[in-house]
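S.K.: Provided herewith is a single structure, encoded as structure tokens, for subsequent inquiry.
Derivation of every value follows stated rules applied to the coordinates shown; laboratory data play no part. Values in this document were obtained by computation on a predicted structure and should not be read as measured data. FYI the Cβ positions are ideal-geometry reconstructions off the backbone, even for glycines, and counts take in every protein chain you see.
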Amino acid sequence: MRIRPDSAAFVLLLASLSALPALSTDMALPALAAIGLDLHVPPSSAALTLSLFLAGFAIAPLAYGPLADRYGRRPIVLFGGVLFSLASAACALAPSLASLLVFRVLQGVGAGAGSVMSLTIVRDLFQGHIARARLSYVASMRIVAPMIAPTLGSWVMYFAGWRSIYGVMALAGVATTLAVYLGMAETRPADAAPVRISVGALLRTYARVLSNPVLLGNTLVNALTFGCQFAYITGSPLLMMQLLGMSPQAFGAVFAMTAFGIMAASLINGRLNARGIAPHKLLWTGLILSSSTSVLLAVLGFADALSAWSLVPLLMLNTFSFGMIAPNASHAAVEPLPEVAGVASAVVSCVMMAVGALSGSLVTMLYDGHSARAITGIMAVCTLSALSLYAFWVRRLPAAAHRRA
């Protein structure tokens, strides 16, 4: 039985596809110390499981995009779901950090299919403020995963060990893949011209997409603000459990509180878009809030003055800002290129995850073991860069360049 695209169930299905990456990163956060102890490596090395997952997640869409434009969205989503499920099961059985990292890359490759295709599918079916509203609703439901994932991961680890966390991920992948197989029809427009898969044709398509200033500018804004979020995600267990002394359960609760900020913003953003509020106003609001809270966190971090009472409210405001930025920036990026929506979505996803992997790796490398300077400093650099790009480039593009956005 197929699910109607205009139904809440369809939004929930897209949100489930988009939630697999968050589930894969956030559920494993409380287990970094346990992974390091079991595999005889430091927790900072175990944190590479996050960055390498993102590396696979970032690279895969470059292939998924043109393949989806050529063969359709549904086969790509199903392939990614199967790969994600198998790789998750392999992670649960990994005998060493090296093998775990390899399987995490493959897990990221699998998760990339559903996430990038969600944006493409929305672009196939909806336009304008309706599409932005749908993306916001998908984002608000998707945020349930990071809200519950750390707490779920900590309790699963408490009762069954860290390996069982990856077993739960495998089950989630199987359930999502079955839902797509049974409920999702193909959404690629029937009259769309098939995209050639030759190397030359792909290079020309990517060159065309990357030369579009609206796509490139909004993609970078979206990626840099995600870089801020992933710096926080990567450093949060080190910051909250190691520096502030929180238990895994308390860390999960705080992480859920900050994730709630994204959920609330996505719901508000969806309602405002449905009422016709200009997306650039929402982007401005989100970018200013993101930059100001990141700078305040950096000031407190470099002054060694962070506490749970100052950290949590500022992080909630910062994550709230991302819920305002991401749906508007990502849709503005792909809106001008409907005929190559798969490739355009792939570029948005790839750049976002590459910046996230870079920021997470920098946190791991620069973390000094006793301060929040690396985490908060990278967050501030990312958000100030996004604000500057938007203010001095994206908003100054000719009106004709935004005519479809």
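S.K.: At most 15 other C-beta atoms within 10 Å and a DSSP loop state: those are the exposed trypsin sites (Lys or Arg not before Pro) I care about. Give me the longest piece of the chain that has none.
M.R.: Here the longest run is 3-195.
S.K.: Further question: Using θ = phi - 60° and the Karplus form 6.51 cos²θ - 1.76 cosθ + 1.60, what ³J(HN,Hα) does each residue of segment 77-92 get, whole Hz, x for Gly and Pro?
M.R.: With coefficients 6.51, -1.76 and 1.60, one gets 4, 5, 4, x, x, 5, 4, 4, 5, 5, 5, 4, 4, 5, 4, 5 Hz.
S.K.: With r as the distance between the Cβ atoms of GLN127 and LEU178 and R0 = 30 Å, compute the FRET efficiency 1/(1 + (r/R0)^6) and round to 0.05.
M.R.: Taking R0 as 30 Å, the efficiency between LEU178 and GLN127 is 0.50.
S.K.: On to the next question. In whole Hz and in residue order, list the ³J(HN,Hα) couplings for segment 381-389 that follow from phi through the Karplus curve 6.51 cos²θ - 1.76 cosθ + 1.60, θ = phi - 60°; x for Gly and Pro.
M.R.: 4, 5, 6, 5, 5, 5, 4, 5, 4
S.K.: For ALA185 and GLU339, what is the calculated FRET efficiency with R₀ set at 25 Å and r taken between the beta-carbons, to the nearest 0.05?
M.R.: 0.75
S.K.: Sticking with this one: Quick one: Karplus J couplings for segment 270-280, per residue in order, coefficients 6.51, -1.76, 1.60, θ = phi - 60°, nearest Hz, x for Gly and Pro?
M.R.: Taking θ as phi minus 60°, the curve returns x, 5, 5, 5, 5, 8, x, 5, 4, x, 5 Hz for segment 270-280.
S.K.: Taking a label point 7 Å from the Cα of TRP155 along the Cα→Cβ vector, which residues of segment 298-332 have an amide N closer than 14 Å to it?
M.R.: Taking a point 7 Å out along Cα→Cβ of TRP155, no residue of segment 298-332 has its backbone N under 14 Å.
S.K.: Enumerate the amide H contacts of THR187 below 5 Å, restricted to partners 5 or more residues apart or on another chain; note that Pro and chain-start residues carry no placed amide H.
M.R.: So THR187 has HN proximity to ARG73, ARG74.
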